[in-house]
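Worksheet: the structure to be examined is printed underneath.
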Amino acid sequence: MKRGFILIPGAGMSDWIWTKLASLLKQRAVTIPRRMEVNTYENRLNGGFEEILDYADKVIKESDLEEIILVGHSGAGLIAGELAKRNPKIKHVVFLAANLPASGGTALDSFAEEIRQKNIEGVAKQAEADRIPMKLLESTFRTYFCNRTSEEDIAYILQQEFQPEPVCVLTHRVDWQSYPPIGKTYILCTEDKTLTRQQQEDYAANLAITDLRYLESDHMCMISNAKELAKELNGIAEEYSR
């Protein structure tokens, strides 16, 4: 039986965020590197959420893995949750500091009503660019995403590129009704400055996740605390393999 991890990066990220972690995992790890197979401005602006799931399913099929632990980070939380409903190869889902709206809600619901439209407008504006040098976002990342990340790892992050998120990820209404009876774990990053501890606990409750684990990390946990995160993921994989 071919078992392994499928890793989905958060908004704007790509497979580069998993390089450090993947080397510490005991099972094979495959990354879904982008949101859509055809990552054009038109698709980012007007594409549907099903296109995102279809592309992820294609990557899973090409991986040849038969039993999967799916890992979704940050804005990929709702993608991981929805993907697990339609792909029977997924046996366990791990949500890392992930946005998990309540059933019937959208990712925008985590923001105050008066700034929701501004968020859509901001994402739509970013979608005009295929890639944005991470160096241009240094101040934001240092303050909110990498507040517990070493200078060496920040230097690595700043060499990468930010890939704008499709608008549909913000506007898609999730449906957690009749959720499959598979394992679910939420890993809460205690030093995260993008999501509070209470927000993360509420997100876990939205999908009735009882396996809630706490990691001393900022939002970029797969880089800033890769060893402890790998320990958690390897442990989950061992428990499932028994």
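The values are calculated or read from the model by the stated rules, or taken from the named source; none is laboratory data. None of the values given here were measured: they were computed from a predicted structure. Here the Cβ positions follow ideal geometry from the backbone for every residue, glycine too, while neighbour counts run over all protein chains shown.
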I'd like the full set of residues that are over 21 Å from ALA129 (Cβ atoms) and in a helix (DSSP H, G or I), limited to region 1-41. TRP18, THR19, LYS20, LEU21, ALA22
From the set of residues in region 193-218 that are in contact with a Lys or Arg (Cβ under 9 Å, 6 or more places away or on another chain) and closer than 19 Å to LYS231 by Cβ, which is surrounded by the most Cβ atoms within 10 Å (Cβ to Cβ)? SER217
Residue tally, condition surrounded by fewer than 23 Cβ atoms within 10 Å (Cβ to Cβ) and assigned to a helix (DSSP H, G or I), over region 71-89: 4
For region 28-56, name all the residues that are surrounded by 17 or more Cβ atoms within 10 Å (Cβ to Cβ) and more than 16 Å from GLU165 (Cβ to Cβ). ALA29, VAL30, THR31
Can you tell me which residue in region 124-141 is surrounded by the fewest Cβ atoms within 10 Å (Cβ to Cβ), limited to those that are more than 25 Å from ALA226 (Cα to Cα) and among the small types (Gly, Ala, Ser)? ALA129
I'm trying to understand the selection: among the residues of region 88-133, which are under 19 Å from LEU65 (Cβ atoms) and out of contact with any strand residue (DSSP E or B) (no Cβ under 8 Å at 6 or more places or on another chain)? PRO88
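Looking at region 142-169, which of the residues that are in contact (Cβ under 8 Å) with a residue 40 or more places away in the chain and in a helix (DSSP H, G or I) is surrounded by the fewest Cβ atoms within 10 Å (Cβ to Cβ)?
THR143
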Restrict the check to region 224-238 and report whether at least one residue is over 30 Å from MET134 (Cβ atoms), modelled with pLDDT of 95 or more and more than 17 Å from the chain's Cα centre (by Cα). yes
Tally up the residues in region 193-212 that are touching a helix residue (DSSP H, G or I) at 6+ places or on another chain (Cβ under 8 Å) and polar (S, T, N, Q), please. 2
Output the number of the condition that ARG44 fails; it satisfies all remaining conditions of (1) part of a helix (DSSP H, G or I); (2) modelled with pLDDT of 95 or more. (2)
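Table: residues versus (1) closer than 13 Å to VAL169 by Cα; (2) out of contact with any Phe, Trp or Tyr (no Cβ under 7 Å at 6 or more places or on another chain); (3) part of a loop (DSSP other than H, G, I, E, B).
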| site | (1), (2), (3) |
| --- | --- |
| PHE95 | no, no, no |
| LEU100 | yes, no, yes |
| GLY122 | no, yes, no |
| GLU128 | no, no, yes |
